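These notes are about the structure you will find just below.
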Amino acid sequence: MQILPINVVELVGVVLGCLMVLIPVAGLTARYALKPIVEAIARMREGATSNQAMQMIERRMSLLEQEMQQLSGLRDEVGRLVDEVEFQRKLTSRRGDG
């Protein structure tokens, strides 16, 4: 078996010539193959983010509803206090008349 000498310069030239064609082809192939996958992952993360945002909005709404209930209770108490003050004023004005 006879071993032929390898011309390194020609080998490098052939490899670089092949790579000049193969690198763009591999890039385009990867772009079209990976683009749908990347978009699907982005939509999935966006959906998770919107879900978290929705949960945050629901939590804020429940807190606002609780605050409104507390304010309604305060409004009722203020109304009773006003009625009591008017009653006390009428009592003191009758004592002054009598």
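With +1 assigned to the C-beta of every Lys and Arg and -1 to the C-beta of every Asp and Glu, and no other charges, what is the dipole magnitude of the range 15-70 about the Cα centre in debye, to the nearest 20?
The dipole magnitude comes to about 320 debye.
Report the charge-dipole magnitude of the chain in Debye, nearest 20, computed about the Cα centre from +1 at each Lys and Arg Cβ and -1 at each Asp and Glu Cβ.
Using only the charged Cβ atoms, the result is roughly 60 debye.
Test of understanding: in a Gaussian network model of the chain with alpha carbons linked when under 10 Å, which of GLN70, GLN52, GLN88 would top the mean-square fluctuation ranking?
Sorting by GNM fluctuation, first place goes to GLN88.
Considering the convex hull of the alpha carbon atoms of the chain, report its projected area averaged over all viewing directions, in nm², one decimal.
So the mean shadow area of the Cα hull is 14.6 nm².
Can you give the accessible area of SER93 in Å² (nearest 10), computed on protein heavy atoms with a 1.4 Å probe?
The value for SER93 is about 60 Å².
Compute the acute angle (0 to 90°) between the alpha-carbon long axis of helix 8-97 and the principal axis of greatest extent of the alpha-carbon atoms of the chain; round to the nearest 10°.
Once rounded, the angle reads 0 degrees.
Please give the calculated 222 nm ellipticity per residue for the chain, where each DSSP H segment of at least 4 residues contributes -39500 (n - 2.57) and the sum is spread over every residue; nearest 500 deg cm²/dmol?
-35000 deg cm²/dmol
Rounded to a whole number, what % of the accessible area of the chain do carbon and sulfur atoms account for, probe 1.4 Å?
Its accessible area is 64 percent carbon and sulfur atoms.
Please report the accessible area of VAL85 (heavy atoms, 1.4 Å probe, ligands and nucleic acids excluded) in Å², nearest 10.
Number for this one is 90 Å².
Tell me the per residue accessible area of the chain using a 1.4 Å probe; a whole number in Å² is fine.
Working: 9540 Å² over 98 residues.
Per residue, the chain has an accessible area of 97 Å².
The values are calculated or read from the model by the stated rules, or taken from the named source; none is laboratory data. Bear in mind the structure is a predicted one, so any value in this text is a computation, not a measurement. All Cβ positions, glycine included, derive from the backbone under ideal geometry; neighbour counts span all protein chains shown. Areas reflect the complete protein model, heavy atoms only, side chains present, ligands, DNA and RNA absent. Shrake-Rupley method; radii C 1.70, N 1.55, O 1.52, S 1.80 Å.
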